[in-house]
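Down below is the structure, laid out as structure tokens.
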Amino acid sequence: MCIIIHKPEGKRIPRNIIERAKVINPHGFGVTYLDSGKTRRTLDYTSVNRILNTNRPIVAHFRFATVGAVDMNNVHPFNVDNRTVIYSNGTVDGYGSDTQSDVADIADNVLPRIQPNQ
């Protein structure tokens, strides 16, 4: 199963946790910088330590593929709109395909149709 890590500003993620997350979740890595909203996604795990070496507050996701191909299109997080991203652990039955992950499917086809409360 994937792992999601929240790192507050000024804190560090212990190296052993990063290394273990890379080993058991080898199918993609994504991070959102909470101070800017900028998202980075990669399949290149050699860059993960450098990306996480920051004082900035972040949310990081290490993927273990259960639905969909192992490719950049399925690396979390997924943009829902210009203000919202989604990360997920586990599988949502009934969504996704051999090529698209369940959460990518939901981000592309379900969440954009939901109208926010006004």
Fill in the blank from the handout: Taking Lys and Arg as +1 and Asp and Glu as -1, residues besides Arg56 with C-beta under 14 Å from its C-beta add up to +4
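Pairs of alpha-carbon atoms within less than 8 angstrom and 6+ residues apart define the contacts here; what relative contact order does the chain have, in percent? Provide the component values of the computation, followed by the final result.
Values: 225 pairs, mean separation 32.5, N = 118.
Dividing the mean separation by the residue count of the chain yields 28 percent.
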Completion exercise
The summed charge of the Gly68 Cβ neighbourhood (under 12 Å; Lys/Arg +1, Asp/Glu -1) stands at -4
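Treating the beta-carbon of each Lys and Arg as +1 and of each Asp and Glu as -1, no other charges, what is the dipole magnitude of the chain about its Cα centre, to the nearest 20 debye?
Working: 14 positive and 11 negative charges, 147 e Å.
With Lys and Arg at +1 and Asp and Glu at -1, about 700 debye.
Report the extension gain between Ser36 and Asp71 in nm, rounded to one decimal, defined as 0.36 nm multiplied by the number of residues separating them, less their alpha carbon distance. Provide the component values of the computation, followed by the final result.
Numbers: separation 35, 0.36 × 35 = 12.60 nm, distance 2.54 nm.
Taking Ser36 through Asp71 to full extension adds about 10.1 nm, to one decimal.
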Handout entry: Rg over Rh, two decimals, segment 3-113 (C-alpha only, Kirkwood Rh)
Key = 0.96
Practice task
In square nanometres and to one decimal, what's the mean projected area of the convex hull around the Cα atoms of segment 51-90?
Solution key: 3.8
Fill in the blank from the handout: Computed over the chain: longest principal axis from alpha-carbon atoms vs helix 15-24 long axis, angle to nearest 10 degrees, is 40
Exercise for the section: Among Ile13, Ile24, Ile58, rank each residue by its count of other Cβ atoms within 10 Å, from fewest to most, as a rough exposure measure. Expected result: Ile24, Ile13, Ile58
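Every read-out reported here was derived from the displayed coordinates using simple, explicitly stated rules and does not represent laboratory data. Small disclaimer: the values here were computed from a predicted structure and weren't measured. Positions of Cβ are backbone-derived with ideal geometry, glycine not excepted, and every protein chain shown enters the neighbour counts.
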